[in-house]
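The values are calculated or read from the model by the stated rules, or taken from the named source; none is laboratory data. Since we're looking at a predicted model, the values are computed, not measured. Here the Cβ positions follow ideal geometry from the backbone for every residue, glycine too, while neighbour counts run over all protein chains shown.
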Amino acid sequence: MWIDLDGLANMRDVGGIPTTDGGKIIPGRLLRSDNLQTLTASDVDQLLGLGLTDVIDLRSDYEAVREGPGPLTKADVRIYQFSFFREWEIGVGEAKPDVRPEVLPEEALPWIDLEPSVQLDNAVASVYFSYLVDRPDSVLSALRAIAQAPGAALVHCAAGKDRTGTLIALALSVADAERQAIIDDYVASSERVEGIVNRLLSSTTYADNLQGRPVSSHISHPDTMISFLRHIDETFGTVEQMLIKMGWTAEDTDQLRAKLRS
């Protein structure tokens, strides 16, 4: 369900998505969007009115520092940052170092043609699976933040379609959402792609990387999510089994399902 706010182009509630047992994802529990830097005061009030308590920010440290604090930092919500880019050489359960080594900006920004850590039959799906390989700590922490949020949890990155789309697909899979519905939700960002790109072009953080790229290159194609989830199925059996190998627990699954499922 789309949520139209003045300062966002790609926000929706995944509530209503059907589950395999005939239920549905509960509305008002899990929201997804593009970056929150240009929220208006009215937008903030509307989000708080929707019961927002937790924000899961998947941008890199570099992006967050360049963009600066967003309007929600002044609101009574918890904000977590879990970068999906490799900015430190750490494993699951290890703390981030006190001092971050310098990284080149292109290594911590989206839409840079870096070699992914994993090669699948779909180039974009390779990038998505590389998030899991490069930052399992962030993937698990972000999923747990969704599960533990007392109210609505909002997941975002820059465009709200790649990093956000990956995490949302994992969360919905653990909640036993229907596979086609997961794919359809991922693809829905294409409906707003022109507005998404125009918003990002207005930011000096992203403009240089987007110049010269056609809008069509930002379309969320169903084959990408199909390839991503198929690789998980063929390699691990299920999304949950893959997450367990990364450090996820049965208790985590129960908590996430209790949060999202009717």
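Of all residues in region 133-177, those being more than 21 Å from Ala64 (Cβ to Cβ) and either modelled with pLDDT of 95 or more or in contact with a Pro (Cβ under 6 Å, 6 or more places away or on another chain) (or both) number 14. Every condition in (1) in contact with a helix residue (DSSP H, G or I) (Cβ under 6 Å, 6 or more places away or on another chain); (2) part of a loop (DSSP other than H, G, I, E, B) holds for Val193 except the one numbered (2). Within region 247-256, the set of residues being part of a helix (DSSP H, G or I) and surrounded by 15 or more Cβ atoms within 10 Å (Cβ to Cβ) comprises Asp252, Thr253, Gln255, Leu256.
Among the residues of region 230-243, is there at least one that is within 21 Å of Ile26 (Cα to Cα) and assigned to a helix (DSSP H, G or I)? Yes - at least one qualifying residue is present in region 230-243. Taking region 64-88 as the range and being farther than 20 Å from Thr40 by Cα and either surrounded by 20 or more Cβ atoms within 10 Å (Cβ to Cβ) or of a type in the set (D, E, K, R) (or both) as the test, the residues that pass are Phe82, Ser83, Phe84, Phe85, Arg86, Glu87.
Taking the numbered list (1) under 15 Å from Met11 (Cβ atoms); (2) crowded, with 19+ Cβ neighbours inside 10 Å in turn, Gly195 passes all entries but (2). Right, Asp57: free of Cβ contacts under 8 Å to residues at least 40 places away in the same chain and among the charged types (D, E, K, R) or not? So Asp57 does not fit the description; no. Do we have any residue at all in region 150-167 that's loosely packed, with under 13 Cβ neighbours inside 10 Å and either in contact with a Phe, Trp or Tyr (Cβ under 9 Å, 6 or more places away or on another chain) or within 20 Å of Gly28 (Cβ to Cβ) (or both)? There is at least one residue in region 150-167 that is loosely packed, with under 13 Cβ neighbours inside 10 Å and either in contact with a Phe, Trp or Tyr (Cβ under 9 Å, 6 or more places away or on another chain) or within 20 Å of Gly28 (Cβ to Cβ) (or both).
Within region 203-215, can one find any residue that is part of a helix (DSSP H, G or I), surrounded by fewer than 22 Cβ atoms within 10 Å (Cβ to Cβ) and touching a Lys or Arg at 6+ places or on another chain (Cβ under 9 Å)? Checking region 203-215: not a single residue is part of a helix (DSSP H, G or I), surrounded by fewer than 22 Cβ atoms within 10 Å (Cβ to Cβ) and touching a Lys or Arg at 6+ places or on another chain (Cβ under 9 Å). For region 218-262, a residue qualifies if it is more than 19 Å from the chain's Cα centre (by Cα) and among the hydroxyl-bearing types (Ser, Thr, Tyr), and the qualifying residues are Thr235, Thr238, Thr249, Ser262. Of all the numbered requirements in (1) among the polar types (S, T, N, Q); (2) modelled with pLDDT under 95; (3) surrounded by fewer than 20 Cβ atoms within 10 Å (Cβ to Cβ), Thr19 misses one, and that requirement is (2).
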